[in-house]
1. Cβ-Cβ below 6 Å, separation at least six or inter-chain, first residue in segment 114-130 and within 13 Å of Glu39 (Cβ to Cβ) and modelled with pLDDT of 95 or more, second assigned to a helix (DSSP H, G or I) and not acidic (Asp, Glu): which pairs?
2. Please verify whether Tyr108 is touching a Gly at 6+ places or on another chain (Cβ under 7 Å) and over 27 Å from Met1 (Cβ atoms), treating the condition exactly as stated.
3. Could you grab me the full set of residues in segment 120-146 that are under 23 Å from Ile51 (Cβ atoms), more than 13 Å from the chain's Cα centre (by Cα) and not aromatic (Phe, Trp, Tyr)?
4. Scan segment 102-120 and give yes if some residue there is charged (D, E, K, R), buried (at least 18 other Cβ atoms within 10 Å of the Cβ), assigned to a helix (DSSP H, G or I) and in contact with a helix residue (DSSP H, G or I) (Cβ under 6 Å, 6 or more places away or on another chain), otherwise no.
5. Scan (1) in contact (Cβ under 8 Å) with a residue 40 or more places away in the chain; (2) over 15 Å from Leu135 (Cα atoms) for the single condition Leu21 breaks and write down its number.
6. On the basis of being surrounded by 14 or more Cβ atoms within 10 Å (Cβ to Cβ), closer than 16 Å to Ala143 by Cβ, at pLDDT below 95 and within 17 Å of the chain's Cα centre (by Cα), does Tyr15 make the cut?
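The values are calculated or read from the model by the stated rules, or taken from the named source; none is laboratory data. Note that the structure is a prediction, hence the values are computed from the model and not measured. Backbone-built Cβ (ideal geometry, glycine too); neighbour counts: all protein chains shown.
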Amino acid sequence: MFYKTILALHSYWAYLVFIVLIITVINALIKVFGKKEYEAKDFRLALFTLILTHTQLLIGIILYFVSPRFELWGQLGGEVMKNAMARLYLVEHPFVNILAIAFITIGYSKHKKKLTSSAKLKPIAVFYTIGLVLLLSRIPWDAWLG
């Protein structure tokens, strides 16, 4: 019961993360290429996206350890890397998504230290886009959309 609740939360929260992350990336790219001013809403949007992604990370960490798939480490040992499904869920998905959230965090941190609009928007545009691409690359699409 707990596992299924956490799994559902992780899956549904992911939709929210992607919607807000896509909005944040598009907003930053439009403003960078349009040479528009950085505004308070840009700060709030970047911060909200950061909070959502970190919350998703925490949910994912809990899910990782309560998932029945976690037992595959004991069953397969070093063979996990030879099993595509086990490798995706136990290694690739967690590692790449943690890396993606690290990029988003770096972008947020870098943007806070800048003084001009252009300098503030570029780290958000670059690092949040990298984070989005990484997240999209490791989603188990068959399980998520199925």
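1. Sorted first by the residue in segment 114-130, then by its partner, the pairs are Leu121/Ala28; Leu121/Lys31; Leu121/Val32; Ile124/Ala28; Ile124/Ala46; Ile124/Gly107; Ile124/His111.
2. So Tyr108 fails the test.
3. Across segment 120-146, the qualifying residues are Lys120, Leu121, Lys122, Pro123, Ile124, Ala125, Val126.
4. Yes, that holds for at least one residue.
5. The single condition Leu21 does not satisfy is (2).
6. Spelling it out, it is not the case that Tyr15 is surrounded by 14 or more Cβ atoms within 10 Å (Cβ to Cβ), closer than 16 Å to Ala143 by Cβ, at pLDDT below 95 and within 17 Å of the chain's Cα centre (by Cα).
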